1. From the list Ala247, Ala275, exactly one residue is assigned by TED's automatic domain parsing to the domain that holds Ala195, under 23 Å from Thr189 (Cα atoms) and outside any loop (DSSP other than H, G, I, E, B). Which is it?
2. Working carefully through the options Ser312, Ser297, Ser320, find the one that is touching a Phe, Trp or Tyr at 6+ places or on another chain (Cβ under 8 Å), of a type in the set (Gly, Ala, Ser) and either buried (at least 19 other Cβ atoms within 10 Å of the Cβ) or within 20 Å of Phe215 (Cβ to Cβ) (or both).
3. So which residues in segment 179-217 are part of a helix (DSSP H, G or I), of a type in the set (Ser, Thr, Tyr) and touching a Phe, Trp or Tyr at 6+ places or on another chain (Cβ under 9 Å)?
4. Any residue that is in a loop (DSSP other than H, G, I, E, B) and crowded, with 20+ Cβ neighbours inside 10 Å - is there at least one of those in segment 402-418?
5. Between residues in segment 317-331 that are part of a strand (DSSP E or B) and residues that are of a type in the set (S, T, N, Q), which pairs lie under 6 Å by C-beta distance while being six or more apart or on different chains?
6. Do the conditions hold for Lys96, that is, is it basic (Lys, Arg) and more than 18 Å from His349 (Cβ to Cβ)?
7. Can you tell me which of (1) surrounded by 16 or more Cβ atoms within 10 Å (Cβ to Cβ); (2) modelled with pLDDT of 95 or more is the one Thr189 doesn't meet?
8. Got a sec? Which of Thr252, Thr231, Thr220 is among the β-branched types (Val, Ile, Thr), surrounded by fewer than 23 Cβ atoms within 10 Å (Cβ to Cβ), under 30 Å from Asn435 (Cβ atoms) and touching a residue at least 24 places away in the same chain (Cβ under 8 Å)?
Amino acid sequence: MMRNEMSRRRLLGLGVGLGTAATLALAGCGGDEEPSTASGNGGKEYTGPKVDLKLWNGFTGGDGDIFKKLVETFNAEHGNIAVAVTTYQWDDYYSKLPGAVSSGAGPDIAVMHMDQLATFAARGVITELDDVATALGLTEADFAPTVWAGGLYNDKRYGIPLDMHPLGFYYNKAVMQKAGLDPEKPPTTRDDYTAALTELKKSGVQGFWVSPFQFTGGMTFYSLLHQWGGTLFDADAAKATFNSDPAVEACTWLVDMIKQGHSPANVGQDADYLAFKAGKNAFNWNGIWQVNDLKKSPDMQWGVAPLPQIGSKPAAWANSHNFTIVKQRSANADKVAGAKVFINWLSQHSLDWAAGGQVPARKAVREDAGFAALAEVNALAPELEYAAFPPAAPGIGEVLLTFYSSFNEAALGKKSPKQALDDGVAKADKQLADNRKKYGN
C-alpha cells in the first residue's frame, strides 16, 4: 500500500516538463470540427447520437474504486454516453498525455491537479470551458473562491473543480493520553503545540517527526511559510520569494524541532507517518488522503483536525482535482457535448466522491447533511477558506521541486535555513525566467 500510495502521490503538487516536439505537435491540434447533432450546450443535457468517451485519471488507490463506481452509475443513467476509464500512476499519467494527444490517441476527458492546468493550457493540450460555467450558471459563489480561481489561466477557464485535498493535523490519542494530555483537545496554537511537545518529551516521546521530503515535511513548510505571512512567489509568479524573512522564520521553526529533540534527524520517507501509526509519535501533518488508510486500523485511537496556527494566520497546503476536456486533432462536437454533461453530473455527485477522502469543491455538496456525516473528511473542510494553492503559471511544478529541495537541505542540516532558501531562490528565478521564454508569458 505504501509503495502504491507514494507512486500515486509523487506528482500531487509537481509539474512535468513536456518535450519541444510534443509542444509543436500539440499546437496543431483542434482541427475542423465535425458537425454536431447535439443539443444543450455547456453540459445541461445531451440528446445527440451515442458517443463513446475516453477518460484518463491517476486514481490508483481506494479513491479509484469509488471513481469507477461513479462512472458506472453515470453510464447506467445516460444511454447515449458511454465513458471508459483508463487509470495510470500520476507520474506516468502526465508524461503520457502530451504524446497521446499529439498522436490522436488521447482521452476526451482528463482529470488534472490544479497546478498542472496552466502548463497544459499553455501547450494547447486542453480546451477552454467558460461556456460550461456560463451555461450551468456556475460562479465563484458555488465554490470556495480559491478553488474557483485555480481553474483559470490567462482569465479563461480550463478546469471545473471537483474537490480540494489539503494537509491535515493527525493526532494519536493514546500517545497523548500517556503523556498526560487531553486526547480530545489537540493543540490549535503555537503555545499549545509547544506545551504539548514539552510534555510528550518528558514522557520519552519525540512528538513531531519532521520529514525532509516533500511528503510531508516540504508540504508542512509550505503551510507554515504562508502562516507566517510569506509567499513562494510574487503576485505574477515571476520571482521566487521563499527566502523572505517570514519564510526563513518558518523554516527555522521546523528545523528547531529536530535540534530541540522533538524529532529524530534524517527521518526517512514516510517514516513519520509509520511512526504515528505505531504510536512512536503523537502528531503528524499529512494529507487528507490518509483518512481512509487510518480507518483500516480499528484499534488505533486517532483524530484529525485543521492544522494548528503556528504563525500569524491560518494556512494549509492544498491542491485540487479538476476536470478538463482534451483537444483533439479533429474535434467531434457530439463528444465534447457529452463530455460536458459528464463533468457537470460528477461535479453534482461529488458527495459520493468525498467518501474517497476529498473535500467537495461545490458549496452545496459541502453543506449537505451527507457530507457532515463523513466526520473526518468534513473536519478538514474549514481549511478550504484559507488553503494555499499553487499559482496558475506554466511550468510551476518544476520550480516547486526546487522549493522542496531547498527545504530538504535545511532539514538535513546540509545548509542553514537562510542559505538553503537563498540558494533555492537563485535557482528558482532562473527556472521562472526560462518558463517565460518557453511559454511566451
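The values are calculated or read from the model by the stated rules, or taken from the named source; none is laboratory data. Worth saying up front: this structure is predicted, and the values here are computed from it rather than measured. Glycine also receives a Cβ, built like all others from the backbone with ideal geometry; neighbour counts cover every protein chain displayed.
1. Ala247
2. The unique qualifying residue is Ser320.
3. Across segment 179-217, the qualifying residues are Tyr193, Thr216.
4. So far as segment 402-418 goes, no, none of its residues is in a loop (DSSP other than H, G, I, E, B) and crowded, with 20+ Cβ neighbours inside 10 Å.
5. Filtered contacts from segment 317-331: Trp317/Ser223; Ile325/Thr127.
6. Spelling it out, Lys96 is indeed basic (Lys, Arg) and more than 18 Å from His349 (Cβ to Cβ).
7. Of everything listed in (1) surrounded by 16 or more Cβ atoms within 10 Å (Cβ to Cβ); (2) modelled with pLDDT of 95 or more, Thr189 misses just condition (1).
8. Of the residues listed, the single one that is among the β-branched types (Val, Ile, Thr), surrounded by fewer than 23 Cβ atoms within 10 Å (Cβ to Cβ), under 30 Å from Asn435 (Cβ atoms) and touching a residue at least 24 places away in the same chain (Cβ under 8 Å) is Thr252.
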